[in-house]
Amino acid sequence: MAKVTEVVLWDRPGERVLLLGNHAIARGALEGNIAVFAAYPGTPSSELTDTMAAVAKKAGVYMEYSTNEKVAFETALAAAWSGVRAMTAMKHVGLNVAMDSFMTASYMGVDGGLIVMVADDPSMWSSQNEQDTRAIAKNTGVPVLEPSSVQEAKDMVKYAFEVSEKYGQMVILRTTTRSSHMRGDVVLGELPEEIKNAKRKFGNFKKNPERYVDIPAFQRKKHPWLLETIEKFREEFNESPFNWIEGDENAKVGIIAPGLSYAYVKEALAWLGVENVKLLKLGTPYPVPYGLLEKFFDGLERVLIVEELEPVVEEQVKVWAYDKGLRIPIHGKDIVPRVYEMTTRRAVETVAKFLGLETPINFEEIDRKYEKVSKIVPPRPPSLCPACPHRNTFYAIRRAASPRAIFPSDIGCYTLGVLPPLKTVDTTIAMGGSIGMAHGLDVALNGVPGEEERKTGKEKKIIVATIGDSTFFHTGLPALANAIYNRSNVVIVVLDNLVTAMTGDQPNPGTGDTPHGPGKRILIEEVAKAMGADFVKVVDPYDIKATERAIKEALAVEGVSVVVSRQPCALYRIGQMRRKGEKWPIYHVIEDKCTGCKICINAYGCPAIYWDAETKKAKIDPTMCWGCGGCAQVCPFDAFEPMEEGE
């Protein structure tokens, strides 16, 4: 079976293949003759970024893992200003990081096509909020395309490049967790000669300060252009191949469904056995094409708008209908939930309510049965992996700082430190937020140097922040500079697992690896020293006692202390060892030494360790042990020892 990275590069136009939504977008970028791709990985967009990294050299495309989304956007924008086609990808909260440049760039336009792929996460499956990118686009005046199928996910990319260049404006390709991660048949299109021959495409930047410099005198002239351009897109979208009217032309009721909601509505109508409905499928939720609305509303007596999250389409349609003097009921968020993702059930219940029909099954009865089962089946909360170095670091932090300390943390797999038994995460807010929060807590709780009221000794609140290596480079640096500059008194532990683990093991500046060859490795400890941190030390978290001692040293220092806890991600390390056929030790419990104190379970919490109710001893599942030896260091009775080698 061919690898997906091979399929994405196949020069077989007309062939039907099975692809993930994100993989289809990568193929679309190649068919669209992309030259530059820059992104910071973020679920649910990561597969697109990783696929582009895997195929870039063979396709003659420059690809980079940027340090954050703002840098990625600026890299792609500069390429588009140079006349080549460029793309950046991020999850929805990543757009917040890029927003400063994104908002201003919307006034400036582009020369080469520029696509900003943003993957939203309704229901927050892997995110801290469920903001709707379509609402942001409306505020910035940037058009949005949204696929309803994997085939459209591919085809929309080439179309987006074309209309971006036609009107000189960047375009958002908005996906959701479902559309990024669903699989479907895709008919491959033609690959450009440059892509087939791996020929790098270079641009030509033409100096034009009035366009590319954002001083007020220049920008004032561009706002009218922005408003005029979005209306040109509105006209364009009347004829877009991704918008159409279907169903009963003589129907009195109509449904408007953008993006993936269209697929759910189609499924709901089939399930309900309804045919006498007119349906408007929208692949362009912003701006809504008014000419198509004119045709759709002809003869209708009432309309339902089914969309996830915010009423972006609904508000546009209602404003248009009001201006046209239409006096028919238009339903939307009065029936469709405003929170969480669309599902088949939600679509069925919504359409049934709108049409005054009974649902084909009793969903409430199913809910009652599920509630009974959920009370019987014990919950399985997520956990850090076996041998995860972060577990050891958190364990050492608790022992060194005491549970009464305050632990601001960050966005990453280490956020799972919030759960028992570690409980070493008290706050998270956004990428890089841990250091800023730590400084703010110190200012608010302890005061600042020079103040008579500054708390010291036993009165002082201990604050230990944790942040990942990729996150440190993403947005941790400005906060670290701020803490050092303002003479904060905090300990910052950088959890350096030598990979961007949570989003799929991508490289970062701390690894020195790049998709286009060796980069220059930037050591976190050297950055901290150069910034003027008062204490810097590197530790191996697999040596728990040494890690604990280093954190105690850091706590004794007045000022900003940085402890770099460095050990490769266990999942990544084991994967590499398996590929090389290497072995690792498996630990077991010496029953005669185990007293049943449960420290290994109640304080350390490795998922490979479990409690044997019959023997009242701890046990290790050999299929889960990855040989870090943390259990042997934690046990006060030396009841753990290596037994054999795994795989």
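The values are calculated or read from the model by the stated rules, or taken from the named source; none is laboratory data. Please read these numbers as outputs of a predicted model, since none were measured by experiment. With ideal geometry, Cβ positions are generated from the backbone for all residues, glycine too; neighbour counts draw on all protein chains shown.
Can Ser123 be described as within 17 Å of the chain's Cα centre (by Cα), surrounded by fewer than 22 Cβ atoms within 10 Å (Cβ to Cβ) and either more than 17 Å from Ser45 (Cβ to Cβ) or assigned by TED's automatic domain parsing to the domain that holds His223 (or both)?
Here the answer is yes, as Ser123 does meet what is asked.
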Quiz prompt | Single residue of Lys207, Lys201 found to be closer than 22 Å to Thr88 by Cβ and of a type in the set (D, E, K, R) | solution = Lys201
Quiz item: Given the conditions (1) within 20 Å of Met156 (Cα to Cα); (2) in contact with a helix residue (DSSP H, G or I) (Cβ under 6 Å, 6 or more places away or on another chain); (3) acidic (Asp, Glu), and given that Glu267 satisfies all but one, which numbered condition is not satisfied?
Solution: (1)
Quiz prompt | Members of segment 388-414 found to be within 25 Å of the chain's Cα centre (by Cα) and part of a loop (DSSP other than H, G, I, E, B), listed by number | solution = Cys388, Phe407, Ser409, Asp410, Ile411, Gly412
Quiz prompt | Residues (surrounded by fewer than 21 Cβ atoms within 10 Å (Cβ to Cβ) and either among the small types (Gly, Ala, Ser) or on the phi < 0 side of the Ramachandran plot (or both)) located in segment 485-510 | solution = Tyr485, Asn486, Gly504, Pro507
Quiz item: If you go through segment 630-646 one residue at a time, do you hit one that is more than 21 Å from Thr393 (Cβ to Cβ), buried (at least 20 other Cβ atoms within 10 Å of the Cβ) and not assigned by TED's automatic domain parsing to the domain that holds Arg398?
Solution: yes
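Yes/no per residue for (1) surrounded by fewer than 24 Cβ atoms within 10 Å (Cβ to Cβ); (2) closer than 24 Å to Pro518 by Cβ; (3) without any contact (Cβ under 8 Å) to a residue 12 or more places away in the chain:
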| residue | (1), (2), (3) |
| --- | --- |
| Ile34 | no, yes, no |
| Ala39 | no, yes, no |
| Ser45 | no, no, no |
| Lys58 | yes, yes, no |
| Gly83 | yes, no, no |
| Val93 | yes, no, no |
| Asp100 | yes, no, no |
| Ser106 | yes, no, no |
Self-check item: Residue list for segment 286-337, filter: over 23 Å from Pro241 (Cα atoms) and of a type in the set (Gly, Ala, Ser)
Solution: Gly299, Ala321, Gly325, Gly332
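Quick check on my filter: what residues within segment 469-496 are touching a Pro at 6+ places or on another chain (Cβ under 6 Å) and either basic (Lys, Arg) or assigned to a loop (DSSP other than H, G, I, E, B) (or both)? Explain how you work it out, then say what you get.
Step one: list which residues in segment 469-496 are touching a Pro at 6+ places or on another chain (Cβ under 6 Å), which gives 473, 487.
If the condition is that a residue be touching a Pro at 6+ places or on another chain (Cβ under 6 Å) and either basic (Lys, Arg) or assigned to a loop (DSSP other than H, G, I, E, B) (or both), then Arg487 is the only one that fits.
What's the total number of residues in segment 354-387 that are part of a loop (DSSP other than H, G, I, E, B), among the charged types (D, E, K, R) and not assigned by TED's automatic domain parsing to the domain that holds Gly332? First the steps, then the outcome.
Let us first name the residues in segment 354-387 that are part of a loop (DSSP other than H, G, I, E, B), namely 356-362, 377-387.
Still in the running and among the charged types (D, E, K, R): 358, 380.
Restricting the remaining residues to those that are not assigned by TED's automatic domain parsing to the domain that holds Gly332 gives 380.
Number satisfying all stated conditions: 1.
Can you pull out the residues in segment 229-268 that are in a helix (DSSP H, G or I) and over 24 Å from Ser180 (Cα atoms)?
Taking segment 229-268 as the starting set, the residues that turn out to be in a helix (DSSP H, G or I) are 229-237, 261-268.
Listed by number, the residues that qualify are Thr229, Ile230, Glu231, Lys232, Phe233, Arg234, Glu235, Glu236.
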Practice problem: Identify the single condition in (1) within 23 Å of Tyr414 (Cβ to Cβ); (2) loosely packed, with under 15 Cβ neighbours inside 10 Å that Glu453 does not satisfy, given that it satisfies every other one. | Solution: (1)
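Of the residues Ile411, Ile406, Ile397, only one is surrounded by 22 or more Cβ atoms within 10 Å (Cβ to Cβ), among the aliphatic types (A, V, I, L, M) and touching a strand residue (DSSP E or B) at 6+ places or on another chain (Cβ under 7 Å); which?
Working: Ile411 fails: touching a strand residue (DSSP E or B) at 6+ places or on another chain (Cβ under 7 Å); Ile406 fails: surrounded by 22 or more Cβ atoms within 10 Å (Cβ to Cβ).
When all the criteria are applied, what remains is Ile397.
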Quiz item: What do you reckon, is Lys154 basic (Lys, Arg), touching a strand residue (DSSP E or B) at 6+ places or on another chain (Cβ under 8 Å) and either surrounded by fewer than 24 Cβ atoms within 10 Å (Cβ to Cβ) or assigned by TED's automatic domain parsing to the domain that holds Gln219 (or both)?
Solution: yes
Exercise. Would you please list the contacts, defined by Cβ atoms under 8 Å and residues six or more apart or on different chains, that run from a residue in segment 278-298 that is closer than 15 Å to Ala160 by Cα to a residue that is in a strand (DSSP E or B) and of a type in the set (Lys, Arg)?
Key: Pro285/Arg174
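So if I check each of Tyr40, Tyr62, which one is aromatic (Phe, Trp, Tyr), at pLDDT below 95 and out of contact with any Pro (no Cβ under 8 Å at 6 or more places or on another chain)?
On the way: Tyr62 fails: at pLDDT below 95.
Answer to the selection: Tyr40.
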Practice problem: Could you check how many residues of segment 501-528 are under 21 Å from Val61 (Cβ atoms) and without any contact (Cβ under 8 Å) to a residue 40 or more places away in the chain? | Solution: 4
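For segment 176-195: of the residues being part of a helix (DSSP H, G or I) and among the charged types (D, E, K, R), which is surrounded by the fewest Cβ atoms within 10 Å (Cβ to Cβ)? Write out each step before concluding.
First, the residues of segment 176-195 that are part of a helix (DSSP H, G or I): 177-181, 193-195.
Keeping just the survivors that are among the charged types (D, E, K, R) gives 178, 193-194.
Numbers: Arg178: 22, Glu193: 9, Glu194: 17.
Only one residue tops the list, namely Glu193.
Matching residues to (1) under 26 Å from Ile230 (Cβ atoms); (2) among the basic types (Lys, Arg); (3) at pLDDT 95 or above:
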position: Asp111; (1), (2), (3): yes, no, yes
position: Ser123; (1), (2), (3): no, no, no
position: Asp155; (1), (2), (3): yes, no, yes
position: Thr175; (1), (2), (3): yes, no, yes
position: Leu191; (1), (2), (3): no, no, yes
position: Asn208; (1), (2), (3): yes, no, no
position: Tyr212; (1), (2), (3): yes, no, no
Quiz item: In the set Met182, Met170, which member is farther than 18 Å from Trp10 by Cα and either out of contact with any Pro (no Cβ under 9 Å at 6 or more places or on another chain) or outside the structural domain of Lys58 (by TED's automatic domain parsing) (or both)?
Solution: Met182
Exercise. Collect the residues in segment 257-280 that are crowded, with 23+ Cβ neighbours inside 10 Å and out of contact with any Gly (no Cβ under 9 Å at 6 or more places or on another chain), keeping them in residue-number order.
Key: Ala257, Leu260, Ser261, Tyr264, Val265, Ala268
Exercise. Look at Pro329 and say whether it is buried (at least 18 other Cβ atoms within 10 Å of the Cβ) and either modelled with pLDDT under 95 or over 21 Å from Glu152 (Cα atoms) (or both).
Key: no
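Scanning for something in a strand (DSSP E or B) and either closer than 26 Å to Gly356 by Cβ or of a type in the set (A, V, I, L, M, F, W, C) (or both), does segment 282-302 turn up at least one residue? Before the answer, list the steps.
To start, the set of residues in segment 282-302 that are in a strand (DSSP E or B) comprises 282, 286, 302.
Those left that are additionally either closer than 26 Å to Gly356 by Cβ or of a type in the set (A, V, I, L, M, F, W, C) (or both): 282, 302.
Yes, the conditions are met somewhere in segment 282-302.
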Quiz item: Among Lys324, Lys318, which is the only one that is more than 21 Å from Leu260 (Cβ to Cβ), of a type in the set (Lys, Arg) and surrounded by 15 or more Cβ atoms within 10 Å (Cβ to Cβ)?
Solution: Lys318
